[in-house]
Amino acid sequence: MSHQTLKLGNSDDVIVALKPVTAGQSLNGSRLVALSDISAGHKLAIRPIAHGEPVRKFNQIIGFASQPIAPGELVHTHNLITHDFERDYAIGSDTHSVALLEAPATFQGFIRPDGRVATRNYVGILTTVNCSATVARRIAAHFTPEILSAFPHVDGVVAITHGTGCGMAEHGEPADLLRRVFVGYATHPNFAAVLLLGLGCETNQIEPLITLTGDTGALRTATIQEDGGTAPSVQKGIATVYEMLAKADQRRRTEVPASKLILGLQCGGSDAYSGISANPALGVAVDILVRNGGIAILSETPEIYGAEHLLTRRSSTPEVAQRLIDRIRWWEEYTARHRGSIDNNPQPGNKTGGLTTILEKSLGAVSKAGTTNLNDVYLYAEPVHTPGLVFMDSPGFDPVSATGQVASGANVICFTTGRGSVFGCKPTPSLKIASNTTLYNRMSDDMDINCGTIIDGEENVEQAGQRIFEEILAMASGKLTRSEIHGFGEEEFQPWLQGATL
């Protein structure tokens, strides 16, 4: 890392500039000369590449040359494109046994009556429909920091509102998906209690949701139409929340094993360094968590596209691999129906940061899943229960993906970024991990961990991964993350909306 460039795989056709390179500059004492100015994080060719020839990074194809590329030339959107090619899925070829630690790590969590473990102790107000959002927010707004100071063992009152719940088909996969999200949040261990608030006439009715939750007493309900309108509903809701706060405040943290952690993996605002520093380091932390008996959820199906073969090779059974492949095929059909393309990515900020194609972005994104076997594949917001690394189908849009992970049971989230995402996801705390020191210094008030130390040569990926794991335990034990300090996490609730709005 002390050099100006980095070659990531033995068969690579490109190297990555770790620092800005000027035209005519000789690189690392070699005969390679930069043909133009190249920004940090961007790629340059190390051999002649013919038109139509595949280009490799991480020992994997990241695209195809759209014109001849000379050694020392910048490789980016002007001369690199993506198109279909055969992946060697080699199902199960890279699986290996994982030995659990005899003395697993522990953290301080809240044990719920059903045995699940929480990392936070919130009271929630969950709206069934957009029409009850304002009432929910007015109830939550009553509970100022001064009032909440009387309940020191409660993390806060959270209003979870959204823009749907009606104007949609009552039955079918879009409705089932939405109900999975609501059931996942209504029963999430990080909520000590939840007030489920509806209008009364919406499609997303309260009664079916109660049936699906198998309510054990932590769920209270109210409808605005039955309670007499806005003012009475706010007054009644405030009284209900006071009762829930009193009970929630009786809970105390206790020592529990790290096997009780369900970690959601997110990356957003990625740059070329994400796949070199932050994501691989998070992958090391995932491997440590898996050895401790915990669960890690990889998601964002469009952002594993082109790298899914690395996961099928690690699939614990052929059935798991096939379920992953089926989700890839579903996304190809889904985007085609909407006259789009699954490779309509990276975003402008990603490209500015050095990422050229979805294949390149996906290869970096997959690295945050570590090296252990892929043990299961779930639909969006399905309850996750299989130990080890699992995959949950979701869009690549971070709020929608994270909402699904929380609904699936994630009680902690790690979020890597290279460009600088600001994000929280109540009731689950989110740890923000910077891929480069420049970003960390510029947005230090939003970042929890700097993995730019890897690029700077101050530590290796394994050391950074151990540091991330220790921060996960601290976060799970109650240490506030930067996004929590800033109050993020309510507006970011974004269920995946499928189907027609009627």
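The values are calculated or read from the model by the stated rules, or taken from the named source; none is laboratory data. These figures come from a predicted structure and were not determined experimentally. Because the Cβ atoms are built from the backbone with ideal geometry, glycine has one as well, and the counts that use them run over all protein chains shown. Each accessible area value is taken on the protein alone, full model and side chains, heavy atoms only, with ligands, DNA and RNA left out. Shrake-Rupley method; radii C 1.70, N 1.55, O 1.52, S 1.80 Å.
Tabulated data for the structure shown
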quantity: Rg(Cα)/(2.2 N^0.38 Å) for region 1-81, N = residue count; calculated: 0.98
quantity: Karplus-derived 3J(HN,Hα), 6.51/-1.76/1.60, for each residue of region 72-78, Hz, glycine and proline x; calculated: x, 8, 4, 10, 7, 4, 7
quantity: Distance in nm between pseudo-label sites at Asp445 and Arg251 (7 Å out along the Cβ direction from Cα); calculated: 3.1 nm
quantity: Region 74-155: chymotrypsin sites (Phe, Trp or Tyr not before Pro) in DSSP coil with no more than 16 other Cβ atoms inside 10 Å; calculated: Phe85
quantity: Per residue, the convex hull volume that the Cα atoms of region 94-141 enclose (Å³); calculated: 208 Å³
quantity: Gyration tensor verdict on region 227-385 (Cα atoms; rounded if a/c is under 1.5, prolate if a/b is larger than b/c, oblate otherwise); calculated: prolate
quantity: Backbone HN-Hα couplings from phi across region 42-54 [Karplus 6.51/-1.76/1.60, Hz, Gly and Pro as x]; calculated: 8, 10, 9, 6, 10, 8, x, 10, 7, 4, x, 7, x
quantity: Difference of contour (0.36 nm per residue) and Cα-Cα distance, Ser11 to Arg339; calculated: 114.5 nm
quantity: Packing-based order for 267-274, 228-235, using average beta carbon neighbours within 10 Å, highest first; calculated: 267-274, 228-235
quantity: Within the chain, percent of DSSP bridges classed antiparallel, to nearest 5; calculated: 35 percent
quantity: Probe 1.4 Å, protein heavy atoms only - accessible area per residue of region 1-59 in square angstrom; calculated: 50 Å²
quantity: Residues whose placed amide H lies under 5 Å from that of Gln25, excluding near-sequence neighbours; calculated: Ala34
quantity: Candidate lysines for bridging to Lys426, where Cα separation is under 21 Å - those fewer than 8 sequence places away on the same chain excluded; calculated: Lys247, Lys260, Lys479
quantity: For Gly156, residues with placed amide H under 5 Å, excluding near neighbours; calculated: Val123
quantity: Residue-averaged 222 nm ellipticity for the chain, from DSSP H runs of 4+ at -39500 (n - 2.57), nearest 500; calculated: -9000 deg cm²/dmol
quantity: Rounded to the nearest 20 debye, dipole of region 228-349 from Cβ charges on Lys, Arg, Asp, Glu; calculated: 480 debye
quantity: Reach of Lys43 by Cα under 24 Å, taken over lysines that are not fewer than 8 positions away in the same chain; calculated: Lys7, Lys19, Lys57, Lys351, Lys361, Lys368
quantity: Accessible surface of region 1-139, 1.4 Å probe, proportion on carbon and sulfur as whole %; calculated: 53 percent
quantity: Within region 75-232, percent of DSSP bridges classed antiparallel, to nearest 5; calculated: 10 percent
quantity: Cβ-Cβ FRET estimate between Leu379 and Ala50, R0 fixed at 35 Å, reported to 0.05; calculated: 0.25
quantity: Over region 277-350, volume per residue of the alpha carbon convex hull, in Å³; calculated: 107 Å³
quantity: Longest to shortest principal axis, alpha-carbon extents of region 115-196, angstrom; calculated: 44, 33, 12
quantity: Three semi-axes of the equivalent ellipsoid, region 349-502, Cα gyration tensor, whole Å, largest first; calculated: 25, 19, 18
quantity: Rounded tilt (10° steps) of 230-248 against the dominant C-alpha axis of the chain; calculated: 80 degrees
quantity: Fully extended contour minus Cα-Cα distance, from Gln322 to Thr352, at 0.36 nm per residue; calculated: 7.3 nm
quantity: Rg/Rh (Cα only; Kirkwood hydrodynamic radius) as it applies to region 120-166; calculated: 1.05
quantity: For region 1-124: relative contact order, % (alpha-carbon pairs under 8 angstrom, 6 or more apart); calculated: 18 percent
quantity: Inter-label distance for His83 and Cys201, nm, one decimal - labels placed 7 Å from Cα along Cα-to-Cβ; calculated: 5.5 nm
quantity: Low-density loop positions, trypsin sites (Lys or Arg not before Pro), region 318-388 - DSSP coil, at most 12 other Cβ in 10 Å; calculated: Arg339
quantity: Integer Hz, Karplus 6.51/-1.76/1.60 couplings in order for region 373-389, x for Gly and Pro; calculated: 5, 8, 9, 6, 10, 10, 6, 4, 6, 6, x, 9, 9, 6, x, x, 7
quantity: Region 246-394, accessible area per residue, ligands and nucleic acids excluded (1.4 Å, Å²); calculated: 31 Å²
quantity: Accessible area of region 363-406 belonging to carbon and sulfur atoms, whole % at 1.4 Å probe; calculated: 67 percent
quantity: Translational diffusion coefficient (Stokes-Einstein; Kirkwood radius from C-alpha pairs) of region 94-236 at 20 °C, 1.002 mPa s, in µm²/s; calculated: 127 µm²/s
quantity: Where chymotrypsin sites (Phe, Trp or Tyr not before Pro) fall in DSSP loop in region 321-351, at most 12 other Cβ within 10 Å; calculated: none
quantity: Heavy-atom accessible area per residue - region 131-197, 1.4 Å, Å²; calculated: 36 Å²
